[in-house]
Amino acid sequence: MLQNLGKPVILTGSQIPFFERRNDALENLLNSLDIAGHFMIPEVCLCFNSKLYRGNRTTKISASAFDAFGSPNLPPLATITAMDMEVTWDLVTRPTTLAAFSIQTNLDTNHVACLRIFPGIRPEMVAAVLFSSGLRGLILETFGAGNAPSGVDNAMTNIFRDAVERGIVIVNITQCLTGSVNPLYAPGMVLGRAGVVAGGDMTTEAALTKLAYLLALPGATPDIVARDMSVPLRGEMTASNKAIFSHPQGDLSNQVAKSTAIAYAISAGDVRRTKDLMQGEQSLLNKPDYSGNTPLHLAATGPNLEILRYFLTIGASVHMRNFTASGRTPLFLAANAGLVPHVLLLRQAGAHLHTEELETAELHARQRPEVWKLAGIPLSLP
């Protein structure tokens, strides 16, 4: 709402009120005043528990702990220590247009909704939401990297396609605490072809607010809103400076073709096809695809447990981290997707979380303690 912002705007609060013993209100307030008065960070921020977060990247992770907020897909903009204030200046966004500060006061909050996909959801349930009177936009919380059930005869997908054709903007957001919707895997591509917008790594809160903001802008049309939902406006999502995937020039090499075919077979849960493709291709077992994931990483969040078991029985390494910036193990991905059987099978095979994953895993464990306990994170968190 604050367009071309040139000064810090910092929100804060406390888990324990100011007048209570051992409250966190005073520290949060003083830290906020210190940052606002001495550091030029022209963003809307949240200051809590000695950390300064970009506001539109945060989510509430605890109802009682002092460490009440987290920023799953972006590090803090600043960290307050006993000695100094450590600001990560490379992360700070600044106005880049020649325009004065202005405020967009309208939000179209009455015509947007949020729907969380769950196992067993029926097409008629989704249709009931999409036919709500006056609905203009929907945030769709899906599984993993953007998966949603298609239903018998693609009934669910057809409902989404019909809604998009009626002018409703549908944005696909992952239910997982970290990571993003990847429109390149088969399930995500199905929704993409139906006109559903991939929301990247936005939080549900950010996506819902952004959609209400864009729909209220003068001259807003479904096409314009859909376009702007997929690009960062205030640093609310990670921008890619290059194409996520570009087709190789000329014919596909045998290795690339096989890796792509294996990825599709895994995402479809096709055990026989996966085994057929892997025959005589042991070199592909620990090779990453274009997204940086090995077959075992894909199977760790795939729909068929037997494919995961198959890869483990032919020698796939449970300790290999994927070839992405975060470097995740298959165990982390399975726990993050809430797949208990996959976690148990990986643990049985000797998998454990990497040291560099523990901090993020502990953050996840506040929301899903049971599955992360199985992954090796204790329940006795503050």
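General remarks:
- Condition check for Thr96: outside any helix (DSSP H, G or I), within 24 Å of Ile224 (Cβ to Cβ) and touching a residue at least 40 places away in the same chain (Cβ under 8 Å): no
- Hey, Ala82 in a loop (DSSP other than H, G, I, E, B), touching a Pro at 6+ places or on another chain (Cβ under 8 Å) and modelled with pLDDT under 90 or not: no
- Residue within segment 46-65 that is surrounded by fewer than 20 Cβ atoms within 10 Å (Cβ to Cβ), farther than 24 Å from Thr178 by Cβ and without any contact (Cβ under 8 Å) to a residue 60 or more places away in the chain present: no
- Look at (1) at pLDDT 90 or above; (2) hydroxyl-bearing (Ser, Thr, Tyr); (3) exposed (fewer than 15 other Cβ atoms within 10 Å of the Cβ) and you find that Thr238 fails only one, number (1).
- Residues that are charged (D, E, K, R) and either exposed (fewer than 14 other Cβ atoms within 10 Å of the Cβ) or modelled with pLDDT of 90 or more (or both) within segment 1-26 comprise Lys7, Glu20, Arg21, Arg22, listed in sequence order.
- Scanning segment 69-87 turns up one or more residues that are charged (D, E, K, R) and over 28 Å from the mean Cα position of the chain (by Cα).
- Among the residues making up segment 69-93, those that are touching a residue at least 40 places away in the same chain (Cβ under 8 Å) and within 24 Å of Ala212 (Cβ to Cβ) are Gly70, Pro72, Asn73, Leu74, Thr93.
- Boolean, Gly302 is at positive phi, free of Cβ contacts under 8 Å to residues at least 60 places away in the same chain and not charged (D, E, K, R): no
- Taking first residues from segment 7-24 that are assigned by TED's automatic domain parsing to the domain that holds Phe48 and assigned to a loop (DSSP other than H, G, I, E, B) and partners that are surrounded by 13 or more Cβ atoms within 10 Å (Cβ to Cβ) and of a type in the set (Ser, Thr, Tyr), the Cβ contacts under 6 Å between residues at least 6 apart in sequence or on separate chains come to Thr12/Ser32; Asn23/Ser14; Asp24/Ser14.
The values are calculated or read from the model by the stated rules, or taken from the named source; none is laboratory data. Only a predicted model underlies this, so the values are computations on that prediction, with no experimental measurement involved. As a convention, Cβ positions derive from the backbone with ideal geometry for all residues, glycine included, and neighbour counts pool all protein chains shown.
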